[in-house]
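Read the structure below first, then the notes.
The values are calculated or read from the model by the stated rules, or taken from the named source; none is laboratory data. Note that the structure is predicted; figures quoted are calculated from it, not measured. In case anyone asks, the SASA skips ligands and DNA or RNA and just uses the protein heavy atoms, side chains included. Shrake-Rupley method; radii C 1.70, N 1.55, O 1.52, S 1.80 Å.
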Amino acid sequence: MNPIYFGTSEMPLFGTYYLPQANLTRSTGVVLCYPMGEEYMWMHRAYRQLATLFTRAGFHVLRFDYYGCGDSGGESEEADINQWLEDISTAIDEIKDSSALAKVSLVGFRLGATLSALAGSERNDVDSIVLWDPVVSGKDYVEELLKMHQEWAENNLPDPNFASKNNGCIEIMGFPLTSRLGSGLEGINLLNIEKQIANKIYMIESGKMKTNGLLNHHLKSLTKAFDFRHIPGSKNWTESPGLDPLSVPSEILQSIVSWTTEASL
Amino acid sequence: MKEKTVLLGKSKSLVGIITIPAPEFDVRERPAIILLNSGLLHRVGPNRLYVKLARKFATEGFVVLRFDLSGIGDSKIPNESQAYDESTGIINDTRDVMDYLSETKSIRQFILMGLCSGGSNAFRVACNDERVIGVNLIEGFAFPSTAYFASSYSGSFLSFKSWRRLLTGKSEIWGLIRGLIKFHLSKQTRQLTENLHVPSKEELLANLDILLNRNVRLCFIYSKGSSAYYNYQDIFEEKIRQTPDSRRPLVEVLEDTDHLFTLLCHQEALINLVKDWVDHLPQPREVTEIA
C-alpha cells in the first residue's frame, strides 16, 4: 500500500495505490470512487477493506479523494461535479500508467457510483462498473441531504434555524453546498445517460432506492451484461451511516470482489 | 505550502500527511504540530477539520503532521501476528512521528492536538515525552457524572422542544440515562474507565501536575452543546485556579456547538480559538529557559 499524490502540482489528488498480492495479476485495474460529505467519512474504513480484498484477488487498486475532498488539494468550497469527473479520469490514467493495464473497473457507493457511471460514459477503457446504491437523481439527492441536515439541526442545536445558512452558503452536515456544487448535483440524472458506461455493469441495492426499476431497465438497454442483486441488512449505510463506523458490510464487499473477478476473466 | 505523504514508524506502517510551510519560513524556529485521530475517523478529521487546521497553521509557518494511529484509517497494526497494546501503541506511534520530524526537519519541540480521543491521547503522550511543550484537547476526556447531568439538563426540563425530542426518542437524554445507570454500577464504571483509558480524578490531577511542572502549555476546549463530554472542567477547575497565571491552562467553552463542531461557522470559531492559543504560546527559546 502506497499513499501518493498524483495529478498536477496545482491540483494534487491524494490516492492510495495497492499492488496485487496474489500470484496472478488480473487484466483490469480497480479505481474506487468515494461518495461525498458525511458518507465519505463513514465509508473510509469499508473502502480500505474493499481495496485489501481486491489486492488479495490479484488486482491493482487505486482509491483516491476528489479535489476539495479528504486529503486532496483544494478547499471544500471548491467542490465541483465536473472537476470530480475529471478527477476520476485522472485516476484512471494514473492506474493504467502504474499498472501497464489497458482496462479498468470502477467501483462506487452512492454519489461515487453515480460519478463512476458518468465518467464511464465518457471513456472507452472502462471494462466494468459496480454501482452500489447509486444516486439516480441529483435533485432528489440534494433534497434528501437538506432534509437530513435539518433533522440533525433540530436534534443537536439549540436554534435549528441557525444551521440553515452560513455566509450565504447552504451547508450539509459540516460541508458547504455551494451554488456550483448544488447546480452540478441537480443536473445529474442517471436515466438520461445515452451512451454505454461499461461493458459489464453490476448494481447492488442495499438501501431504499425509489427508481431502481427504471434505472435497471435503462442500464440494461445500454449494455450487454447487466447484473443486479439486492443485498439486505445494510440499510444503515444509507440511512444513518454515522451510527457505527466499525460496522462494514462484508457480504457486499465480498460480492463486489467476486463479481469484478468474474468480469475480468 | 506543500503537502506530502509520509510512511512512518519502524515498519513504515503509519500513514501521514505532512504540511510544509512556504520556504521563507525557518521551520526550526517553531514547534511542529501533530494532530491525533478523532476516534475512529481517519486523519482528515471530522468534516475535514484536521485538513483545515493543518493548512491554517502551515500558512503561519508551522510544520503540521496529521497521521493515522496503528489500526485506524490507513495505518496497519505493525506486526499483526503479535498482540497489540493500544495504550502503549498510541504513545509509541506519536513518538515515531516526533522522531521523524526531528530527523527530517530538525524540530525538537511539539504541540499535540486532537478532538475527542485525539485530545485525551495527546494529553497521555505529553505525560510520557518531554519534547511536548503544548497540548490542545478539543472535547478531550468524557466521564458521566451525576452533578454534571443535573446541571446540564436543568434548563432543558422546561423546554417544549426537549420534551418533544424525549418523547420521540430523538433526545440524547436516553443515552445519558443509560450512562448514569452504568455510572452508578461502580464495577462497570471501573471497567469502562480501564477500557477507554479514561483517567480517574486523582490520575488526571496527578498528570496535570506533571505537565504543569514541566511548563507544558494546555488548552481545554469544550462544546457546551455536547452534554456527554462537557464535564471534566469541574474536576480540574480548582487546580487551574491555583496555577500561576504564567502557566495556567486555558479552558474555553464554545456555546451552542455540537461535539464535532459540525457547522461551518463553528469550525471557523474553533480554528480561530486554537490559532489564538498557539499565537500566545511562548517562543520555543523562552520555554527552554523557563524549564
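When the accessible areas of B alone and A alone are added and the area of the pair subtracted, with a 1.4 Å probe, the result is around 3200 Å², both sides summed. Only helices enter the 222 nm calculation for chain A: every DSSP H run of n ≥ 4 contributes -39,500 (n - 2.57), and dividing by all residues gives -12500 deg cm²/dmol, rounded to 500. Against chain A, whose longest principal axis is taken from its Cα atoms, helix A:250-264 shows a tilt of about 40°. Heavy-atom accessible area for A:H60, with the other protein chains in place and a 1.4 Å probe, reaches approximately 20 Å².
Distances between placed amide hydrogens fall under 5 Å for B:S223 paired with B:E139, B:L254, all partners being 5 or more residues away or on another chain. In region B:35-53, the residues that give up 50 Å² or more of accessible area when the other protein chains are added, compared with the chain on its own (1.4 Å probe), are B:L40, B:L41, B:H42, B:N47, B:R48. Among the lysines of chain A, pairs at least eight places apart or on separate chains and with Cα atoms under 24 Å apart come to 28. Ligands, DNA and RNA left out, the 1.4 Å accessible surface of chain A is 48% carbon and sulfur atoms.
The amide H of B:I33, built 1.01 Å from its N in the peptide plane, has B:V63, B:V64, B:L65, B:I111 as neighbours under 5 Å, considering only residues 5 or more places off or on other chains. Panel note: contact residues of region B:240-287 (accessible area lowered by at least 30 Å² against the chain on its own; 1.4 Å probe) correspond to B:D256, B:D258, B:T262, B:L263, B:L264, B:C265. Helix A:138-156 and the long axis of chain A differ in direction by around 50°, with both axes built from C-alpha atoms.
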